[in-house]
Amino acid sequence: MALLHPSTRRLREWLETPPGAEPDAGVEEHVSHCERCADELEALDAMTAEEAVETSEVELALQEVLAPPTGLEQRIEDRIEAALLARRDFKLLAGLMGVSIETARLLVEPPEEPRS
Ligand SMILES: [Zn+2]
């Protein structure tokens, strides 16, 4: 397991990985077992959502018309959880199927730890 926390930029890029694109394997490996970075991802996702609202007032207005603006935080949490689970599942699947040598290596080989 990686000992260094990924940079905020890397976390954000991972979070914004479009469907079909290759996500940053190092980030997903780290975030799957690092609560601190999972929290940071959540904060980043909240920020992204706020930006999206700011840049899309029409969409916001539509949302208010179409549905009560409730449970935004819960929706963000659900989204992150779903994203994490989906990526974890994908990683397991990839390892089982031998799709990604790098992914399999992450699962099988012991982590390189600096020794002093
Ligand atoms: Zn971390």
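Which distance in nm do the two modelled labels at Ala86 and Ala46 give, with both placed 7 Å along the Cα-to-Cβ direction?
According to this spin-label approximation, the distance is 2.2 nm.
By the scheme Lys and Arg +1, Asp and Glu -1, what is the net charge of all other residues having a beta-carbon under 10 Å from that of Arg79?
-4
The numbers here are math on the coordinates, done by the rules we state, and not lab data. These figures come from a predicted structure and were not determined experimentally. All Cβ positions, even for glycine, are placed from backbone atoms using ideal geometry, and neighbour counts span all protein chains on display.
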